[in-house]
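The values are calculated or read from the model by the stated rules, or taken from the named source; none is laboratory data. Because the structure is predicted, anything quoted here is derived from the model rather than measured. So basically every Cβ, Gly included, is an ideal-geometry build from the backbone, and we count neighbours across all protein chains shown. These accessible areas exclude ligands, DNA and RNA; they are computed on the full protein's heavy atoms, side chains included. Shrake-Rupley method; radii C 1.70, N 1.55, O 1.52, S 1.80 Å.
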Amino acid sequence: MLMLADLLFPSFCALCGGHIPFSSGGICSVCSDRLPHEAEGCPVCGPRSADHCRCAERRFFFSRSIALTGYASPMPGLVAAFKMGRLPELARFFAASAPHVDGIDCVTWIPSTAPAFRRRGFEPARLLAQAYARRIRMPCIRLLRHRGSGVQKACRHDSRFLGTLGSFVPIRSAAGYRILLIDDVFTTGATVN
């Protein structure tokens, strides 16, 4: 059946353009091996924070963060292609590449703003959460709704934390659950916090 999919829907690597199997998730194995790996850092405030842990400056309301990869080239282009809808199949690749997380009850995601959803037609973090939940055989449950239009991209570090206050509203109780909360990009931890 996959061979038929390869004939009907030929797939090409998002980085080198080479032909790849339909089930590959958008990146060939050669390019996948060349992706940057994240350096070890603080397990809470982020892998980028190895020399500047922010845990002493700010209280985080999550127990740890895990980054799939660093944000060095070619990741910005891949993330942009994924988020702008040109390559939503990259969700499968990202989910397959992510480390296994034990001790959780469900997977959820940071919802997109309404304008971002209208522009893209999908929620990138939701696609990632669904693909990862399928991979680890856990339920993927919508727990949050975005309220407001808080776009964080252009904000400075402290402004990001203030800008997210009240931006997300729970749509069901998750008390007592161990939740894996997925976001498409982890910069300061403000959105996840």
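Working carefully through the options ALA67, ALA91, find the one that is under 14 Å from VAL185 (Cβ atoms), of a type outside the set (S, T, N, Q) and modelled with pLDDT of 90 or more. Lay out the reasoning, then the answer.
Values: ALA67 fails: modelled with pLDDT of 90 or more.
One residue alone meets the criteria, ALA91.
Does PRO99 satisfy the condition of being under 15 Å from the mean Cα position of the chain (by Cα), modelled with pLDDT of 90 or more and part of a loop (DSSP other than H, G, I, E, B)?
Details: under 15 Å from the mean Cα position of the chain (by Cα): yes; modelled with pLDDT of 90 or more: no; part of a loop (DSSP other than H, G, I, E, B): yes.
Spelling it out, it is not the case that PRO99 is under 15 Å from the mean Cα position of the chain (by Cα), modelled with pLDDT of 90 or more and part of a loop (DSSP other than H, G, I, E, B).
Among the residues of the stretch 41-90, write down those that are in a loop (DSSP other than H, G, I, E, B) and under 15 Å from ILE27 (Cβ atoms). Break it down stepwise before answering.
Filtering the stretch 41-90 for residues in a loop (DSSP other than H, G, I, E, B) gives 41, 43-45, 50-74, 84-89.
LEU68, THR69, SER73, PRO74, ARG86, LEU87, PRO88, GLU89 - these are the residues of the stretch 41-90 that are in a loop (DSSP other than H, G, I, E, B) and under 15 Å from ILE27 (Cβ atoms).
Select from the stretch 156-186 the residues that are open to solvent by 60 Å² or more (accessible area, probe 1.4 Å) and at pLDDT 70 or above and list them in ascending order.
PRO170, ILE171, ARG172, SER173, ALA175, GLY176, TYR177, ARG178, ILE179, PHE186
Quick check on my filter: what residues within the stretch 129-139 are open to solvent by 50 Å² or more (accessible area, probe 1.4 Å) and either touching a residue at least 12 places away in the same chain (Cβ under 8 Å) or within 14 Å of the chain's Cα centre (by Cα) (or both)? Can you show your working first?
Of the residues in the stretch 129-139, the ones open to solvent by 50 Å² or more (accessible area, probe 1.4 Å) are 130, 134-135, 137-139.
Of everything in the stretch 129-139, those that are open to solvent by 50 Å² or more (accessible area, probe 1.4 Å) and either touching a residue at least 12 places away in the same chain (Cβ under 8 Å) or within 14 Å of the chain's Cα centre (by Cα) (or both) turn out to be GLN130, ARG134, ARG135, MET138, PRO139.
Any idea which of (1) assigned to a strand (DSSP E or B); (2) at pLDDT below 75 is the one VAL192 doesn't satisfy?
The single condition VAL192 does not satisfy is (1).
Being among the basic types (Lys, Arg) and modelled with pLDDT of 95 or more is the filter here; which residues of the stretch 138-155 pass it?
Keep residues of the stretch 138-155 that are among the basic types (Lys, Arg), which gives 142, 145, 147, 153.
Listed by number, the list holds a single entry, ARG142.
Restricting to the stretch 98-121, and then to whatever is polar (S, T, N, Q) and in contact with a His (Cβ under 7 Å, 6 or more places away or on another chain), can you tell me which residue is farthest from ALA174 (Cα to Cα)? First the steps, then the outcome.
Initially, the stretch 98-121 is screened for residues polar (S, T, N, Q), giving 108, 112-113.
Checking which are in contact with a His (Cβ under 7 Å, 6 or more places away or on another chain) leaves us with 112-113.
Values: SER112: 20, THR113: 22 Å.
Taking the candidates together, the pick is THR113.
Within the stretch 117-127, restricting attention to residues that are open to solvent by less than 20 Å² (accessible area, probe 1.4 Å) and either basic (Lys, Arg) or touching a residue at least 24 places away in the same chain (Cβ under 8 Å) (or both), which residue is farthest from LEU78 (Cα to Cα)?
Within the stretch 117-127, the subset open to solvent by less than 20 Å² (accessible area, probe 1.4 Å) is 123-125.
Then drop every residue that is not either basic (Lys, Arg) or touching a residue at least 24 places away in the same chain (Cβ under 8 Å) (or both), which leaves 124-125.
Numbers: PRO124: 12, ALA125: 14 Å.
The qualifying residue farthest from LEU78 (Cα to Cα) is ALA125.
Filter the stretch 15-34 down to the residues that are at pLDDT below 85, part of a loop (DSSP other than H, G, I, E, B) and open to solvent by less than 80 Å² (accessible area, probe 1.4 Å), then identify the one that is nearest to SER73 (Cα to Cα).
GLY26
Could you tell me which residue of the stretch 4-14 is modelled with the highest pLDDT, considering only residues that are over 19 Å from the mean Cα position of the chain (by Cα), part of a loop (DSSP other than H, G, I, E, B) and of a type outside the set (Phe, Trp, Tyr)? Write out each step before concluding.
Of the stretch 4-14, the ones over 19 Å from the mean Cα position of the chain (by Cα) are 4-13.
Filter once more, so that each one left must be part of a loop (DSSP other than H, G, I, E, B): 9-10, 13.
This time we only want the ones that are of a type outside the set (Phe, Trp, Tyr), so: 10, 13.
Values: PRO10: 75, CYS13: 86.
Per the criteria, the residue is CYS13.
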